[in-house]
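Every number in this text was worked out from the coordinates using simple rules, so none of it is lab data. All values derive from a computational prediction rather than experimental measurement. Ideal geometry is used to build each Cβ from the backbone, glycine not excepted, and the neighbour counts take in all protein chains shown.
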């Protein structure tokens, strides 16, 4: 869990102004990339950012580092980050403003029909895979609940 | 006879340099010992603490020796030697550093782990600093106030006045009254210096950890805190220097009598203990900040990166696109010489004081 610090801090000093400032100070998001994974790095960057949006750590109009900055921070190729950003932009997770800053897009605007088809295909494949590997329906449902809790648990302080 | 000016400037400065060099090992992350990364430093404990203590004693002894040397050469009036004392001091301190570095290398020995890094983890803060932008205006407001004071006092300034004071505190150069000569310090030195400080601040806002060091949430927040605190510190130094220029102006304008010329060195001397306090409280890269945030061990694996630091002092990493990175030994930042832009910036940093000096010389002739 990444928000343990602010959780502890806010819990102890609910009325404390200092705590609020502290909370503001420690805001940000994490990206973790596994170089040994079979999943391409650009896809891992996308997934990291999408999960941060889903969990509410990144909100609409939050500023992301430019692709050059992010490639510097992670020490990976600039074109890889650029690829991840252009896919994210295509899928409207992010957009660029007039000053060429990278900003997080609106969550609600993304549920067009086209995305539903992709989403359903992916879900169908994943569920079929799980069933054919011998997982029970209850196991699958429990796991889905756990993952949802994990993602949404990062939202706010609950 | 040693003048008050010398007593208040060169002697404390020599001692402070010795103390600051001696304390550097205590200001940097305990994992970095004399520029070498020793992740299991705790297991090498009594020896490491002993080396840090010895380093302090050696540096202090050298600075005391140099102060004595300085007093001796000064009483025999061999002033040329004085210019070399700070250089000699820094040279000797670096020699002490390399002595303890080689001892650390022996101690570290086979413990070097050169395992390949598989996971990259980075925490990206929402904002680059914690600062309100009002802070950046303070040195400019101060400067404007002083210039207005000078403009109001302008009619009362004598037609010739002293512009330079020798080491004995007596004036040795004079100028006739003109807008240029009256405002040399406040306009032609303080304004370029303030611009220079703003450029440094602009660069610091972009500093991030070098790529081979994992940026866990804790490390990332510490560096952001360090950058913010250092920007505030630079603003403070800027205001002190501007104030010094103001005192210097008051001296040349005849408001402060010549007998009190030594007051000009008092504010800059204040900077030295402030550097000490800053370093002790914040630590290099801010490693003393946010002690309550626990480190996620998994995201904090650090590759052995000693090879990217020549002598533990010069950073050279082509894979890292950043120009400024936190120093490994010392408090502050250094350039990444693996990036060609660093040479351009080094050139500019060296050119600024040279151009300023040439400018002043031209103005005076």
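Per residue of A:29-38, count partner chain C-beta atoms within 10 Å of its C-beta, then hand back the mean as an integer.
Taking all residues of A:29-38 together, the mean is 5.
Quick check: the angle from helix B:138-153's long axis to the longest principal axis of chain B, C-alpha only, nearest 10 degrees?
The angle comes out near 10 degrees.
Beyond 19 Å, what share of the Cα-Cα pairs of region B:1-111 remains, rounded to the nearest whole percent?
Of all Cα-Cα pairs in region B:1-111, 49 percent lie more than 19 Å apart.
If you average the sequence gap of Cα pairs under 8 Å that are 6 or more apart and divide by the length of region A:31-109, what percent do you get for the contact order?
31
Just to verify a number: FRET efficiency for residue A:137 and residue A:39, C-beta to C-beta distance, R0 = 25 Å, to 0.05?
Efficiency at R0 = 25 Å is approximately 0.40.
How are the C-alpha pair distances of region B:128-304 spread across 5 Å bins, as whole percents from the shortest bin up?
Result returned by the calculation: 1, 7, 14, 15, 14, 11, 9, 8, 7, 5, 4, 3, 1, 0, 0.
Would you order B:47, B:42 from fewest to most other beta-carbon atoms within 10 Å of each residue's own beta-carbon?
Fewest-to-most Cβ neighbours within 10 Å comes out as B:42, B:47.
What number, in nm² with one decimal, is the all-direction average of the projected area of the convex hull of the alpha-carbon atoms of region A:31-109?
5.1
Restricting to Cα pairs below 8 Å that are 6+ residues apart, what does the relative contact order work out to for chain B? Please round to a whole percent.
Relative CO of chain B lands at 23 percent.
Just counting partner chain Cβ atoms within 10 Å, what average do the residues of peptide B:216-225 show around their Cβ?
3
Can you give the angle from 0 to 90° between the axis of helix B:190-204 and the longest principal axis of chain B, with both taken from C-alpha atoms, to the nearest 10?
10
Suppose the chain between residue B:126 and residue B:266 were pulled fully straight at 0.36 nm per residue; how much longer would it get relative to their current alpha carbon spacing?
Extra length available between residue B:126 and residue B:266 comes to 46.4 nm.
Return the calculated 222 nm mean residue ellipticity for chain B, to the nearest 500 deg cm²/dmol, obtained by summing -39500 (n - 2.57) across DSSP H runs with n ≥ 4 and dividing by the residue count.
-18500 deg cm²/dmol
Which residues among region B:147-190 fall inside the zone where the amide N is under 16 Å from a point 7 Å beyond the Cα of residue B:355, along Cα→Cβ?
In region B:147-190, the label zone of residue B:355 (backbone N under 16 Å from the point 7 Å along Cα→Cβ) covers B:188-190.
Any idea what the relative contact order of region B:82-192 is, in percent, if you count C-alpha pairs under 8 Å spaced at least 6 apart?
Rounded, it is 16 percent for region B:82-192.
Cα gyration tensor of the protein assembly as shown, axes a ≥ b ≥ c as square roots of the eigenvalues: rounded (a/c below 1.5), prolate (a/b > b/c) or oblate?
prolate
To the nearest whole number, what is the average tally of beta carbon atoms from other chains within 10 Å of the beta carbons of peptide A:62-73?
Counting Cβ atoms of other protein chains within 10 Å of each residue's Cβ and averaging gives 3.
List B:193, A:70, A:127 from most exposed to least, where exposure is judged by having the fewest other Cβ atoms within 10 Å.
A:127, B:193, A:70
I'd like the projected area of region B:211-365, averaged over all directions, using the convex hull of its alpha carbons. Report it in nm² with one decimal.
One quarter of the hull surface, i.e. the mean projection, equals 12.4 nm².
Where does each of B:75, B:356 land when they are ranked from fewest to most other beta-carbon atoms within 10 angstrom?
B:75, B:356
Taking R0 as 60 Å, what's the FRET efficiency between residue A:147 and residue B:91 from their Cβ-Cβ distance, rounded to 0.05?
E between residue A:147 and residue B:91, to the nearest 0.05, is 0.50.
Please list the equivalent ellipsoid semi-axes of chain B, computed as the square roots of five times the alpha-carbon gyration tensor eigenvalues, in descending order and whole angstrom.
Calculated on Cα positions only, the semi-axes equal 42, 26, 17 Å.
Pick from B:171, B:46, B:192 the residue whose mean-square fluctuation is largest in a GNM of chain B, springs joining Cα atoms under 10 Å.
In the Gaussian network model the winner is B:46.
Rounding to the nearest 10 and keeping the result within 0 to 90°, find how far the Cα-based axis of helix B:266-282 lies from the longest principal axis of chain B.
The two axes meet at around 10 degrees.
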